[in-house]
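These notes are about the structure you will find just below.
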Amino acid sequence: MKRVLPTIVIAQFFCTSVWFAGNAIMSDIAKKLHLEPAYLAHLTSAVQLGFIAGTLIFAVLSIADRFSPVKVFFCCAMLAAAINLGASLNNIDATALMICRFATGFFLAGIYPVGMKIASDHYQQGLGKSLGFLVGALVLGTAFPHFLKSMTGGLPYQYVIYGTSILSAMGGCAMIVLVPDGPGRKQGQRLNFNGFLSGFKDQKFRAAAFGYFGHMWELYAFWVFVPVILAAYQAHYPQVNLNVPLLSFLIIAIGSLSCVASGYLSQRFGAKKVATVALFTSCICCVVSPLFLFANAMGAFIIFLFIWSIAVIADSPLFSTLIAQNAHVEVKGSSLTIVNSIGFAITIMSIQLVTALRTSANAEYIYVLLAVGPVLGLVVLVRKENSY
């Protein structure tokens with residue numbers, strides 16, 4: 001059915017908008033609760049920890065394989081929308097906010113990887129292109145709270161929370177009404193507590209998974225620190241007037257186009273080859289970042305961030321494609337989920353490391369550390385025994 005992929009993409013975009021809702025309004029929350037700037041990393045890590053906990057539980061219990069993934073998506077979208085609203089309460093404190101973000105992340109585990117599972121059940125052929133659109137929707141959803149923030153500058157920050165919760169509820173409803181379970185779905189017959197690990201016995205699955213892990217070391221740290229990088233540039237050159245929320249949205253959102261483009265390119269050149277080129281490009285961006293981050297040329301600085309954003313996410317749908325194609329069909333949903341879980345655990349390490357080491361003196365050099373993940377991922381991908 002022609003409506004299936006567009007519906008999945010739109011639902012994914014709407015529902016994942018709750019992911020970075022806290023980041024977009026962090027400056028407002030920090031002022032209200034008198035928090036230190038480092039709280040941004042802790043708030044982001046709370047969402048990621050929730051997502052990790054959710055994906056572990058979903059994978060161990062094989063939720064997306066034993067039950068209708070469409071119904072799982074719907075339930076998690078509605079719960080994420082409701083919990084996300086908790087961040088808008090006037091009397092919320094820092095601890096309660098962290099709990100809300102953790103719980104929101106927990107139910108995102110039933111949205112992002114489950115959405116990929118639904119797409120892979122419907123589009124076994126041309127999966128790279130389909131997941132390119134799907135991950136592009138995740139990117140746009142991640143960036144969207146920054147856009148809402150830029151558009152509601154004169155309004156209370158709670159409007160960003162209201163907007164993202166409404167979108168998540170709409171996405172869940174669209175999925176349950178318009179998308180059936182796919183013809184490629186094979187329902188798990190029984191509970192298998194270690195079935196989600198079976199994919200790692202396959203060499204090609206391991207190569208794709210470890211390439212994904214290297215990519216994740218860089219990806220979310222880059223996204224989290226985009227507004228920080230822009231604000232630091234503004235502070236370094238006070239005469240420059242940057243609209244940080246709007247630029248943050250545009251820089252992150254352009255990655256949605258690169259996901260779609262990489263999906264199409266994978267059909268011609270192969271998913272592994274395109275993913276390797278993208279990972280290598282983003283690795284180079286990490287290494288050369290000190291040349292641009294405080295460059296006395298705003299145009300070069302902004303263009304560089306756009307290029308980095310294009311490269312940093314282009315390989316994501318392709319790694320997911322390779323993982324889905326090399327997973328055992330009866331545990332495909334659980335395999336995607338556990339790889340997501342490990343990948344997001346890695347994001348916490350890189351975000352916290354950069355936060356702990358970053359100072360005003362090394363602000364232009366610190367992001368070179370993000371190259372570690374892509375380098376390790378490339379080492380795994382280029383091994384001859386991992387040819388696809």
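The values are calculated or read from the model by the stated rules, or taken from the named source; none is laboratory data. If you're wondering where the values come from, they're calculated on a predicted model, not measured in any experiment. Ideal geometry is used to build each Cβ from the backbone, glycine not excepted, and the neighbour counts take in all protein chains shown.
When the criteria are applied in full, Leu140 fails the requirement of being at pLDDT below 85, crowded, with 20+ Cβ neighbours inside 10 Å and in a helix (DSSP H, G or I). Cβ separations smaller than 9 Å between residues 6+ apart or across chains give the following pairs from region 56-75 residues that are closer than 17 Å to His328 by Cβ and in contact (Cβ under 8 Å) with a residue 12 or more places away in the chain to residues that are of a type in the set (Lys, Arg) and buried (at least 17 other Cβ atoms within 10 Å of the Cβ): Ala64/Lys117; Ala64/Lys332; Asp65/Lys117; Asp65/Arg185; Asp65/Lys332; Pro69/Lys117; Pro69/Arg185. Against the conditions (1) under 21 Å from the mean Cα position of the chain (by Cα); (2) surrounded by fewer than 19 Cβ atoms within 10 Å (Cβ to Cβ); (3) of a type outside the set (Lys, Arg), where does Ser316 fall short? Just the number, please. Of everything listed in (1) under 21 Å from the mean Cα position of the chain (by Cα); (2) surrounded by fewer than 19 Cβ atoms within 10 Å (Cβ to Cβ); (3) of a type outside the set (Lys, Arg), Ser316 misses just condition (2). With respect to the conditions (1) modelled with pLDDT of 85 or more; (2) within 24 Å of the chain's Cα centre (by Cα), Asn362 falls short on a single one, namely (2). Summed over region 286-324, the residues that are in contact with a Gly (Cβ under 7 Å, 6 or more places away or on another chain) and not in a helix (DSSP H, G or I) give a count of 0.
In region 288-297 there is at least one residue matching the filter, namely being buried (at least 19 other Cβ atoms within 10 Å of the Cβ), in contact with a helix residue (DSSP H, G or I) (Cβ under 8 Å, 6 or more places away or on another chain) and of a type in the set (Phe, Trp, Tyr). Quick one: in region 265-276, of everything that is surrounded by fewer than 16 Cβ atoms within 10 Å (Cβ to Cβ) and free of Cβ contacts under 8 Å to residues at least 12 places away in the same chain, which residue is nearest to Phe306 (Cα to Cα)? Once the filter is applied, the top-ranked residue is Lys273. Inspect all residues belonging to region 325-337 and state whether any of them is part of a helix (DSSP H, G or I) and over 26 Å from Gly126 (Cα atoms). Scanning region 325-337, I find no residue that is part of a helix (DSSP H, G or I) and over 26 Å from Gly126 (Cα atoms), so the answer is no. Here is a check on your reading of the model: is Ile346 in a helix (DSSP H, G or I), within 18 Å of the chain's Cα centre (by Cα) and surrounded by fewer than 24 Cβ atoms within 10 Å (Cβ to Cβ)? Against the criterion (in a helix (DSSP H, G or I), within 18 Å of the chain's Cα centre (by Cα) and surrounded by fewer than 24 Cβ atoms within 10 Å (Cβ to Cβ)), Ile346 qualifies. Restricting to region 10-59, count the residues that are in contact with a Pro (Cβ under 9 Å, 6 or more places away or on another chain) and either farther than 24 Å from Ser150 by Cα or at pLDDT 80 or above (or both). The number of residues fulfilling the criteria is 7.
Annotation: Val18 fulfils all but one of (1) assigned to a helix (DSSP H, G or I); (2) among the hydrophobic types (A, V, I, L, M, F, W, C); (3) within 22 Å of the chain's Cα centre (by Cα); the unmet one is (1).
Residues in region 151-169 that are among the aliphatic types (A, V, I, L, M) and surrounded by fewer than 17 Cβ atoms within 10 Å (Cβ to Cβ): Met151, Leu155, Ile166.
None of Ile251, Ile310, Ile303 is surrounded by fewer than 18 Cβ atoms within 10 Å (Cβ to Cβ) and more than 14 Å from Ala209 (Cα to Cα) except Ile303. Can you confirm whether Ala103 is under 15 Å from Phe14 (Cα atoms) and part of a helix (DSSP H, G or I)? No: the conditions fail for Ala103. Scoring Thr359 on the criteria (1) assigned to a loop (DSSP other than H, G, I, E, B); (2) surrounded by 17 or more Cβ atoms within 10 Å (Cβ to Cβ); (3) not small (Gly, Ala, Ser) leaves a single failure, condition (2). For region 76-95, a tally of residues being in a helix (DSSP H, G or I) and surrounded by fewer than 17 Cβ atoms within 10 Å (Cβ to Cβ) returns 3. If only residues of region 187-213 that are of a type in the set (Lys, Arg) and loosely packed, with under 13 Cβ neighbours inside 10 Å are counted, the one that is modelled with the lowest pLDDT is Arg190. Per the conditions (1) acidic (Asp, Glu); (2) surrounded by 17 or more Cβ atoms within 10 Å (Cβ to Cβ); (3) without any contact (Cβ under 8 Å) to a residue 60 or more places away in the chain, the sole criterion not satisfied by Glu36 is (2). Taken together, the criteria exclude Ile92 from residues that are of a type in the set (Val, Ile, Thr) and under 13 Å from Ser341 (Cβ atoms).
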